[in-house]
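Remarks on the structure that follows.
Please treat every number below as a calculation from the coordinates, not as lab data. Keep in mind that what you see is a predicted model, and the values were worked out from it rather than measured. Cβ placement follows ideal geometry from the backbone for every residue including glycine, while neighbour counts extend to all protein chains displayed.
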Amino acid sequence: ALMEEKKRLEEEAKRKQEEELRRIEEEERRAEEEERKKEEERTRKKEKEKAKRDLAKKEGRLLTKKQKEEKQMAEIRRQALIASGVQIEGLQQQGTAGAPKKVVYGNRKKKGPAAKDSTSKEASPAPESRPRTPEPPKAEPTKPVEEERDEWDVSSEDEEAKPAAK
């Protein structure tokens, strides 16, 4: 009976030890699985952040530390100028552009023959002004200039005159 009791205790101790080993292995496996999931999550997060950064680079929104500092300093200077009462032309234009424009009703172009008349009147002064501009340069210093020209100048004039005659 003593041998059976001793054998039973040994088997029970062995069984408990095996259960403990299984439990430890299971915990290690779970811990490894959790670590693997965390690592995958970190990797996914890094890739997402990198893609976001690359997109910002492509769109030109990504600023270096130096660029951010310069932008901040420029903003501080702009605020100081505004506070001192200096009128900045670019900012004034932005401010007026944001205000809604006043609607003017009587300034629309009319359709039909009235519109055609107004366009023909506007187009006619332009052709009249063109012939007036070439007239002043026409002076008669051509003979003294011809005397000073070399042989090759005269021959090139003859070549220019021949295509014009054709």
The FRET efficiency for Lys65 and Lys102, from their Cβ-Cβ distance with R0 = 45 Å and rounded to 0.05, is 0.50
Label model pair Lys46, Glu34: point-to-point distance (7 angstrom along the Cα→beta-carbon line) in nm is 2.2 nm
Under the 7 Å Cα-to-Cβ spin-label approximation, Arg8 and Lys57 lie apart by a distance in nanometres of 7.4 nm
